[in-house]
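A short write-up of the structure that comes next.
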């Protein structure tokens, strides 16, 4: 008997019965990237919609709503070990997942998605009957195919294909040795491509990501549904009691990831400071000493004009958004563009590149510039700094757009509709999608 047949109501799930949902995240702390943020808000929204949600996660573990149960699935967590070479213990030799994770780290690979999938599949072989559906967050691991073959419906979210990150990192590599290291670290992409093509049900967060997944991973368009990310409008909201800091620009960016476009913004900042010498930049991210960004700051003599903050709470982040005169999202590519949406929700005017899905989020409520064009970005920053009425107009339009079109409650409603369609009909790729999902796809494609 399959896990699905063991479910309380069998394959035919009532349209009103609360669902038992298992979310998977191989690395889920919210300060490690957008995947942890997605997992936190999605699980919270599903619980608030009346469903039971468990999260299975590897380290670093997520921060979750108290109503969501965390099932810890520890690996070796080698990226937080002082000496990974000596992290292996004799007991780890009894586990292929542990040994493979250790060996991959020593040889420059990144095995966490694969090894997490092995551990999660093993757990669900024993406990899968407790769930109606399993929803993976971008691990795209071989374990998902095993879970699906055991009878549990599986959905996977792909925020964007990591091939984009790899290609930009290869282009930015200083020499052939570094290019080899970049390709070795991204070797998990072979697994992700293979698994994606075999999964029946994939969710992505924008029409742009949908097009990129089809192109980069070779997935058929019938496998993919667009359900946008949500924004927490209760945390990210206008805060009139917080005074704007004149000439403060804010951005969220991983300092040495070329994809995030911080280099482009720093080049633009150096140009704009000729007109506005008091201009300052607050970067929510960590600066690596001796890295390319640190070197560029010295070259442009911007050390005193740029400040980095990391490890902050959502409430602190919202406060920073509220204090900024404007927010810049300079990414060369985004699968969704969460920082742009959060800033707009806070009523802060946004200047964004047109990279990836950012135009889908920003719409007509912000200024768009060509991705990678530091001169166009500098022109837009100077223009907005000099026009208080335009800043006020964009602030109002941005908040209204987020409230109207992006909310986690809406995301949860769409996903639950999608889940029920899969569970109740045993739908195969290409079958008719639930109405709300078809409407969302049409709107996303039209954006």
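The values are calculated or read from the model by the stated rules, or taken from the named source; none is laboratory data. Nothing here was measured: the structure is a model prediction, and the numbers come from that model. All Cβ positions, glycine included, derive from the backbone under ideal geometry; neighbour counts span all protein chains shown.
Results, tabulated for the structure shown:
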read-out	value
Residue check, residue 384 more than 22 Å from residue 172 (Cβ to Cβ), in contact (Cβ under 8 Å) with a residue 24 or more places away in the chain, touching a strand residue (DSSP E or B) at 6+ places or on another chain (Cβ under 6 Å) and outside any strand (DSSP E or B)	yes
Set 427, 391, 399: member being over 24 Å from the mean Cα position of the chain (by Cα) and modelled with pLDDT of 95 or more	391
Test for residue 274: is it surrounded by fewer than 18 Cβ atoms within 10 Å (Cβ to Cβ), under 26 Å from residue 356 (Cα atoms) and free of Cβ contacts under 8 Å to residues at least 40 places away in the same chain	no
Sole exception among (1) within 17 Å of the chain's Cα centre (by Cα); (2) surrounded by 24 or more Cβ atoms within 10 Å (Cβ to Cβ) for residue 348, by number	(1)
Members of region 122-143 that are assigned to a helix (DSSP H, G or I) and under 23 Å from the mean Cα position of the chain (by Cα)	142, 143
Matching residues, region 388-401, being surrounded by fewer than 18 Cβ atoms within 10 Å (Cβ to Cβ) and either touching a strand residue (DSSP E or B) at 6+ places or on another chain (Cβ under 9 Å) or more than 19 Å from residue 321 (Cα to Cα) (or both)	390, 391
Matching residues, region 112-137, being without any contact (Cβ under 8 Å) to a residue 60 or more places away in the chain and within 18 Å of residue 190 (Cα to Cα)	115, 118
Exclusive hit being in a helix (DSSP H, G or I), assigned by TED's automatic domain parsing to the domain that holds residue 328 and in contact (Cβ under 8 Å) with a residue 60 or more places away in the chain, set 397, 401, 391	391
Hits in region 159-184 (condition: free of Cβ contacts under 8 Å to residues at least 12 places away in the same chain and in a loop (DSSP other than H, G, I, E, B))	173, 174, 175
Selection status of residue 118, at pLDDT 95 or above and either outside any helix (DSSP H, G or I) or at positive phi (or both)	no
Answer from 156, 200 - the residue that is surrounded by fewer than 21 Cβ atoms within 10 Å (Cβ to Cβ) and either in a helix (DSSP H, G or I) or in the same structural domain as residue 126 (by TED's automatic domain parsing) (or both)	200
Among the residues listed as 242, 249, 213, 231, the single one being in contact with a strand residue (DSSP E or B) (Cβ under 6 Å, 6 or more places away or on another chain) and either in a loop (DSSP other than H, G, I, E, B) or farther than 23 Å from residue 36 by Cβ (or both)	249
Tally, over region 39-75, of residues that are buried (at least 23 other Cβ atoms within 10 Å of the Cβ) and either in a strand (DSSP E or B) or modelled with pLDDT under 90 (or both)	4
